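J.: Below you'll find the structure I mean.
The values are calculated or read from the model by the stated rules, or taken from the named source; none is laboratory data. In this text, all values refer to a predicted model and were calculated from it rather than measured experimentally. Glycine also receives a Cβ, built like all others from the backbone with ideal geometry; neighbour counts cover every protein chain displayed.
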Amino acid sequence: MSGPLLRIEAATVRFGARTALDAVTLEVAAHETVCVLGPSGSGKSTLLRAVAGLQPLDAGRVLLDGADQAGVPPHRRGVGLMFQDHQLFPQRDVGGNVAFGPRMHKVPRGRREERTAELLDMVGLPGAGARAVATLSGGEQQRVALARALAPEPRLLMLDEPLGQLDRSLRDRLVVELRRLFDRLGTTVLAVTHDQSEAFALADRVVVMRDGRIEQAGTPLEVWRRPASEFVARFLGFDNIAEADVSGAVAETAWGRLAVPDAGPQGRRRVLVRPTGVRLDGGAGLPCEVAARGFRGGHVVLRLRPERGPWLDAECGLRDAPDVGERVTVSFDPEDVVVLP
Ligand SMILES: Nc1ncnc2c1ncn2[C@@H]1O[C@H](COP(=O)(O)OP(=O)(O)OP(=O)(O)O)[C@@H](O)[C@H]1O
């Protein structure tokens, strides 16, 4: 099959005066994992629900394998859904939960049992079929929910905040497992999350939404390297943003004169410096006071109050981290300076 597996064309959904989806166009290729990111209320869940057929469109189309899905009920679309609260059937055991879809599709018992065992293996719960749902941890329930969504072999798997309820270390682990699983199965995935690290770890392509529209779409690297707007930059957690006059390869800012890519946007702009590009070099740079510091795994994030200009976040190694109240001077690595369009 050529062409995208999923094509959303100018999809629009209104709730009264509020436009939850505003002419959204998006394609997902077969075997691709696309993660939709955005703040609460930006329309992410509405987009998934529209593709699943749970939310009618006011305008636009959803096509699966080239076929318009208008009038096709959810259970005939061949999409699997896993929602935030991943509600398992409490009265069924793990195997009964996973086999639910295939049973509805009248898959013969032998094949069903084989498939259930295979999927439980795949999600790292071998032999758990007879366990009661109530005896599972949050992470285990999440895996069972995933196996259940995969069991009917959907052509498109849609995940709404798949790891939403879990603590950070479990999420980080599961996200790597999910990525490996999708690669192995060749599953096509459209996932929604408000957690950018999750999206970046899982996705071939990320889509950032704002107020029902797509603000930027690209590979994780593209979006990280070149945020399309201040909104995207701030959403990714980049807060080192200042007004600038850009001329050639130089930006004049309150922090001083920064080197920027030569061929970029010119004139009155805003520039972003990624925290990795704020260097504590002790030279003749911009004097700052360390206002706060926080530990993030192997490195430290410093909150700096510069002599001039907006506050700065800087990343440095554990051993080099200055104390709160210390004075430092910083310079800016041109590699990490981005002129916002
Ligand atoms: N059934 C509904 N009736 C009225 N308004 C709705 C309904 N569902 C969603 N909305 C509104 O549409 C907008 C988009 O909601 P949606 O749930 O798609 O956002 P979201 O990005 O998934 O948010 P979250 O991250 O909080 O789940 C919001 O402003 C929401 O209040």
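J.: Which condition breaks for ASP68 when tested against (1) under 30 Å from ILE8 (Cβ atoms); (2) surrounded by fewer than 21 Cβ atoms within 10 Å (Cβ to Cβ); (3) in contact with a Gly (Cβ under 9 Å, 6 or more places away or on another chain)?
T.: (3)
J.: Out of curiosity, is GLY80 surrounded by 14 or more Cβ atoms within 10 Å (Cβ to Cβ) and on the phi > 0 side of the Ramachandran plot?
T.: no
J.: Could you please give the count of residues in region 96-128 that are of a type outside the set (Gly, Ala, Ser), surrounded by fewer than 17 Cβ atoms within 10 Å (Cβ to Cβ) and assigned to a helix (DSSP H, G or I)?
T.: 8
J.: What residue, among those in region 198-231 that are in contact with a Lys or Arg (Cβ under 8 Å, 6 or more places away or on another chain) and crowded, with 21+ Cβ neighbours inside 10 Å, is modelled with the highest pLDDT?
T.: Once the filter is applied, the top-ranked residue is MET209.
A quick yes/no check of all residues on (1) closer than 27 Å to GLU222 by Cβ; (2) more than 16 Å from the ligand (Cβ to nearest atom):
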{"position": "VAL36", "(1), (2)": "yes, no"}
{"position": "ARG49", "(1), (2)": "no, no"}
{"position": "LEU63", "(1), (2)": "yes, yes"}
{"position": "ARG77", "(1), (2)": "no, yes"}
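J.: From VAL107, VAL144, grab the single residue that is assigned by TED's automatic domain parsing to the domain that holds VAL79 and free of Cβ contacts under 8 Å to residues at least 12 places away in the same chain.
T.: VAL107
J.: Run down SER2, SER45, SER40 and say which single residue is at pLDDT below 95, surrounded by fewer than 22 Cβ atoms within 10 Å (Cβ to Cβ) and more than 10 Å from the ligand (Cβ to nearest atom).
T.: SER2
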